[in-house]
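Structure, as structure tokens:
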Amino acid sequence: MNYLILINNAPDYREYFINLGAELKQRGHNIYYALDSRLTDYLYKEHRIDNDVKIYFSDYFKTHYKTPLFAELESIPRNKILFADKERFYFYPIHKDKFHDYWESLNVNLLNFFFEALTKYKIDVVLYENVSNAFAYSAYLICQQMNKKYIGLASSRLPYDLFEIHTEIDVSSSVVAAPLNLSDERVQILNDYVLRVKNKSAQPAYMIGNTTSVKTNYLKRYFSMAKLNKFFKLIDYLIKERNEIFYNFQNGNPLLLSIYYAKRNLLRRIRLGFLQRYICASNKSDKFFLYPLHFHPEASTSVLSPDYIDEISLIRKISLSMPNGVFLYVKEHPNAFGYNTIDFYQQLKMLSNVKLIGYSENTFDLIIRSIAVVTLTSTVGYEALLYNKPVIVFGDVFYKRFPGCYFFDRFASLEELFTTLLLESQLKKDQASEVNIAIIQQYLAFVVDGNLFINEKAEIEKVITSIEGFLGCKA
């Protein structure tokens, strides 16, 4: 089979996907690489792509800047392609000098680029992570147009050596359709995970070791030999590839982007000292719905729930629909506290039936005591279903088709739904004491074996074996 592997400058991605490509090649597949720009060649020189075809979107964009969209692609819906990246540019404004012509040309060229690549190299499979940015979104749309496979790798929600394979943006149908024929090993995982849920210690795999935590030591993070080395690599890139910067849409001037990253983290650190006044302790006598805040920018919102990325507006609408005497508990994301502006927290404080709950409060305790969970796409919704709690979701999350989950897009009837769930909760007070094993079984039927982003040969082989098994064919 012919694989096109996508690579950008995300930390650790280049090394990992090159290793996946090497293993696929060893098994007889043909490997091609599509890179967003040449920046990754400078940042990760030690991970070379020597003997395989590699194509750069930045080169294509520069050469075809005024090329119109190919006629074959006119029917593809294009309005959402750039949305995730533009949300990121809102937080890191590296493209303030760009206007409509630039964005329209970028939109067109992304589609043309992947159409030409898949056609020229007779690509069967595009391999990357789940759709998370414009580069991946365009490849995904072209795969759909040409009836090719997009394989997106995503970390498991369970703390085991498992991962998800996404062939669509909304994988909820695939999750509920997965056949329930669990192996003995999966049954052991099921039993262990049930115990973890009962003990309130079932942390998702992707949250382990996350560097955006409030406990991060930014002094050590930014003042290190690794950062100094990266600085010189960026200077080298800016000097030698200065003509590419305009066409490097994901990074622009990468040194400026790094400054914006550092600035946001510094402002967060400053805000943390002022935010405790906005935090409320949960009260065991309160009746409440639980709303977990999201981390921004991230594909879980900008791709899976683009209509609701303005969370303060959504929370305001939800608060208007709350039954009398019932609160909306807005719980801080453990890795995002302080990134929102002071104005965000002030607006929350003005809503009399909304309480901001600190990130350190036990989420499982809050789930059990809540009437229901309201969320965009948070894993907290999945965890609530495990405790037989109703969940209202606004985004295309993997569990939205599970029993007990209400996919919602009509605010007119939200107040009625809240009232119904409140009444039902008073009749089912003991339901949360039992773990919903059926939900875990269905998810275990969907995930595959392997541990992502571990650059050990045995782990790479396991991941490739799972991908080949999923595709149902080998070279």
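Just so you know, all these numbers are worked out from the coordinates, no wet-lab data involved. In this text, all values refer to a predicted model and were calculated from it rather than measured experimentally. Quick reminder, even Gly has a Cβ in these numbers, built from the backbone with ideal geometry, and neighbours come from all protein chains shown.
Per-residue extension of 0.36 nm, minus the Cα-Cα distance of TYR65 and TYR218, leaves a gain of 51.1 nm for this segment.
A simple spin-label model places pseudo-atoms 7 Å from Cα toward Cβ; at GLN26 and ARG196 they are separated by 2.9 nm. Using a 7 Å offset from Cα along Cα-Cβ at GLN426, what residues in the range 315-333 end up with backbone N under 15 Å from the label point? Zone members listed by number: 323-327.
At an R0 of 30 angstrom, the distance between the Cβ atoms of PHE231 and GLU468 translates into a FRET efficiency of 0.15. With a ≥ b ≥ c the root eigenvalues of the C-alpha gyration tensor of the range 276-443, is it rounded (a/c under 1.5), prolate (a/b larger than b/c) or oblate? Cα axes put the range 276-443 in the rounded bin.
Counting only DSSP beta bridges whose two residues both lie in the chain, roughly 15 percent are antiparallel. Sorted on the mean count of surrounding Cβ atoms within 10 Å across their residues, most packed first, peptides 447-458, 70-81, 19-30 read 19-30, 447-458, 70-81. Taking a straight Cα-Cα cut-off under 17 Å and skipping sequence neighbours fewer than 8 places away in the same chain, the lysines within cross-link reach of LYS349 are LYS317, LYS331. For the chain, find the longest principal axis of its Cα atoms and tell me its angle to the long axis of helix 184-198, 0 to 90°, nearest 10. In the chain, helix 184-198 runs at an angle near 50 degrees to the longest axis.
Once the Cβ-Cβ distance of ASN283 and ASP310 is raised to the sixth power relative to R0 = 45 Å, the FRET efficiency obtained is 0.95.
The gain in end-to-end length when the PHE344 to ASP449 segment is fully stretched comes to 33.7 nm, 0.36 nm per residue minus the alpha carbon separation.
By the rule of a C-alpha distance below 16 Å, with chain neighbours fewer than 8 residues away ignored, the aspartates and glutamates paired with LYS240 are ASP41, ASP59. In terms of distances greater than 27 angstrom between alpha carbons, the cross-link table entries LYS227/LYS462; LYS25/LYS45; LYS25/LYS120; LYS80/LYS149 yield LYS227/LYS462. Between ARG271 and PHE295, the contour length at 0.36 nm per residue exceeds the alpha carbon distance by 7.0 nm. Under a model in which nothing but the beta-carbon of Lys, Arg (+1) and Asp, Glu (-1) is charged, the range 104-255 shows a dipole of about 680 debye around its Cα centre. Computed from Cα positions, the angle between helix 457-471 and the longest principal axis of the chain comes to roughly 80 degrees.
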